[in-house]
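The values are calculated or read from the model by the stated rules, or taken from the named source; none is laboratory data. Keep in mind it's a predicted model, so treat the numbers as computed, not measured. Cβ: placed from backbone, ideal geometry, glycine included. Neighbour counts: every protein chain shown. The protein model used for the area step is the full one, side chains on, heavy atoms only, and it has no ligands, DNA or RNA in it. Shrake-Rupley method; radii C 1.70, N 1.55, O 1.52, S 1.80 Å.
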Amino acid sequence: MARVSQEHLDARRRQILDGAALCFARNGFHATSMQDVLKEVGLSAGAVYRYFRGKDELITAIVSEVLADIGEIFESAARQSPPPPPDVLVVRVLAEVLDLRPGMREGARSSFPRLMIQVWTETLRDEELSALIGDVYAKVRGSWMAIVEGYQEAGVMRADIPADHVARTMIAMVQGFAAQYALFDEVPIEALRDGLRALMSMGRPAEG
């Protein structure tokens, strides 16, 4: 019998994770059955259980992966030097979040923000996952505090506001807009960019 390559095993695992994530994004973790997952990925029960022993293991794998991927996007943005202004930085991060998991698109629309909401909900009931999201958020907040401190040192942002407060607000903008994208139909990413620019312009005369 020919050996199955690691590349094939990895691709099959990715297929299962993406298919399960789509099911979970549509219907939530606990309203989705393993039969729903099997139908979505088009595989037998034996093929799926070779990689995951059950739905709980699938949920843990997906939640861990989502949190790690989002954390990396935020931290990667923080490594840019010099950091772009907030209206560019926040919108760029959101665009990368929406581009995650090409296999999770239904038509032109990303289902990833819907999955994010399911992940947040799951961390409220699972202590281990709650600790994981806490660790990811702490790392991201620390990275974005460094960005804010850079703004303040360059004199482009008020220095009397704690960097932690500003970092939390910038992160919340991405989280909140992702939630809007998941909940409502027409939420163009340009709206976030333009809204941030308008807020940043307060106190300055309107451009002609």
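Find how many whole Å separate the alpha carbon centroid of the stretch 139-208 from the alpha carbon centroid of the stretch 47-69. If we compute the Cα centre of each part, the gap is 33 Å. Ordering 54-60, 71-77 by mean Cβ neighbour count within 10 Å, with the highest value first, yields 71-77, 54-60. Note on the chain: with charges restricted to the Cβ of Lys and Arg (+1) and Asp and Glu (-1), its dipole about the Cα centre is near 440 debye. Inter-label distance, residue 88 to residue 198: 2.3 nm, where each label sits 7 Å from its Cα along the C-beta direction.
Report Rg/Rh for the chain, rounded to two decimals, where Rg is the Cα radius of gyration and Rh the Kirkwood radius.
Working: Rg = 19.8 Å, Rh = 18.9 Å.
Taking Rg over the Kirkwood Rh, I get 1.05.
Span-like helix criteria (full DSSP H runs; alpha carbon extent of at least 18 Å along the helix axis; mean Kyte-Doolittle hydropathy of at least 0.5) are satisfied in the chain by 55-78, 86-99, 163-183.
If you take the alpha carbon atoms of the stretch 1-50 and fit the smallest convex hull around them, that volume is 71 Å³ per residue.
Take residue 193: with every protein chain present and a 1.4 Å probe, its accessible area is about 80 Å².
For a test of the definition: using alpha carbon positions, the gyration tensor, and the 1.5 limit on a/c, classify the stretch 142-183 as rounded, prolate or oblate. Write out the running numbers ahead of the final one.
Details: a/c = 3.04, a/b = 2.80, b/c = 1.09.
Cα axes put the stretch 142-183 in the prolate bin.
Rounded, prolate or oblate for the stretch 34-126? Axes are the square roots of the Cα gyration tensor eigenvalues, ordered a ≥ b ≥ c, and the cut-off for rounded is a/c under 1.5. Prolate shape, in that a/c is at least 1.5 and a/b is the bigger ratio. Using heavy atoms of the protein chains and a probe of 1.4 Å, the accessible area assigned to residue 99 is about 100 Å².
Assuming a ≥ b ≥ c are the square roots of the Cα gyration tensor eigenvalues, decide whether the stretch 83-137 counts as rounded (a/c under 1.5), prolate (otherwise, with a/b larger than b/c) or oblate. The shape class here is oblate. Relative protection proxy for 138-147, 36-45, 121-130, 17-26, from highest mean packing down: 17-26, 138-147, 36-45, 121-130 (other beta-carbon atoms within 10 angstrom).
Averaging 1/r over every pair of different alpha carbons in the stretch 73-190 and inverting the result gives a Kirkwood radius of 15.4 Å. When the chain is described by a simple charge dipole with +1 on each Lys and Arg Cβ and -1 on each Asp and Glu Cβ, the residue from 104, 176, 44 located farthest towards its positive end is 44.
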